[in-house]
Structures are given as structure tokens and as C-alpha cells.
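Values in this text are rule-based calculations from the coordinates and carry no lab data. Given the structure is predicted, the values throughout are model-derived calculations rather than measurements. Reconstructed Cβ throughout: ideal geometry from the backbone, glycine too, with neighbour counts over all protein chains shown.
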Amino acid sequence: MKRAIFFLTIIFLTNLAGMYFGAYSLWWFDMIHHFLGGFFVAMLMWHYLKITELRISNFELNILKKCLILAGAVSFVGIVWEFAEYSASQTLIEPIYNKFGIRAYFIGNLDDTINDLLMDVAGALAFIFFIKRR
């Protein structure tokens with residue numbers, strides 16, 4: 001669980017650095033962040049489910065239910081992130097530019113949003129594939 005939180009923190013910090021240094025002009029920069037975010041959110045949920053199973057006696061989820069929970073949790077986090085991007089684009093662009101001189105880019109068009117959500121789910125599916133191969 002600590003590893004997942006560590007990598008999610010790294011992803012968030014590289015997101016901030018990417019805004020500062022203009023890395024979002026690279027078409028793949030955002031895609032990598034969403035894919036890895038989906039992967040590590042799935043990892044975090046996987047560890048949470050394992051801990052929950054240990055706490056509740058005679059309770060174990062089969063692998064299909066775990067996979068559906070992981071995909072649903074990652075989708076939920078991705079949707080919340082997209083709403084946060086939209087809110088930030090409506091409220092934070094000018095203050096960030098005025099205070100730090102950074103031209104922030106938070107959200108694109110509908111195609112970008114759908115691609116972000118697909119990359120989140122693809123990251124979760126990659127984690128599920130990784131777990132099933134172990």
C-alpha cells in the first residue's frame with residue numbers, strides 16, 4: 001500500500017512539474033500519467049481489499065468481483081479527477097498565471113476527457129493482468 005501511495009505522489013508531482021516546464025505540449029505526457037494513475041490506484045485498491053478480507057472472518061471475494069471493484073474504483077477516481085480538472089480550469093488558470101507566471105492547462109475537449117478515462121481504465125486492466133499472471 002505504501003508503494004502505491006508513493007508512486008501516486010510521484011505522479012502528482014511530475015504532473016505539477018509538467019505544467020511548470022510545459023511538458024503538456026507533448027501529446028503523450030498526459031496519457032502516461034493517466035495510465036500510471038489507473039495502475040497505481042488499482043494497486044492501492046487491491047491492497048485495501050486484501051486488508052479488508054483479513055479483518056472480516058469467513059469473507060473472501062472471488063477474482064472476478066475484485067477485478068470489477070478495481071475497474072469501478074479506478075473509473076470513479078478518474079471521473080472525480082476530470083471534474084477537478086474542469087473546476088481548476090474555471091477557477092485557477094488566471095491566479096496561477098498572475099502569481100507564478102505559469103500558463104496552466106487543466107482540461108481539453110471531450111476527446112481528451114474520454115481518452116483520459118480510457119487510459120485510467122487501461123492502467124487498471126494492466127494491473128489486473130499483472131496480478132493474474134503472478
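When each of Lys50, Lys99 is scored by the number of other beta-carbon atoms lying within 10 Å, the sequence from fewest to most is Lys99, Lys50. Relative contact order, whole percent, for the chain stands at 39, derived from Cα pairs under 8 Å and 6 or more residues apart. With a Förster radius of 30 Å applied to the beta-carbon distance between Phe129 and Tyr97, the computed FRET efficiency rounds to 0.15. Computed from the C-beta positions of Lys2 and Ala122 and an R0 of 30 Å, the FRET efficiency is 0.80 to the nearest 0.05.
Largest first, the extents of the alpha carbon coordinates of the chain on the three principal axes equal 57, 27, 24 Å.
Taking other residues whose beta carbon is less than 11 angstrom from the beta carbon of Met119, and scoring Lys, Arg as +1 and Asp, Glu as -1, yields -4.
Each of Ser87, Ser75 was scored by other Cβ atoms within 10 Å of its Cβ. Listed from fewest to most, they are Ser87, Ser75. For Val121, Val80, Val41, the sequence from fewest to most other C-beta atoms within 10 Å is Val80, Val121, Val41. Expressed in units of 2.2 N^0.38 Å, where N is the residue count, the Cα radius of gyration of the range 1-77 is 1.35.
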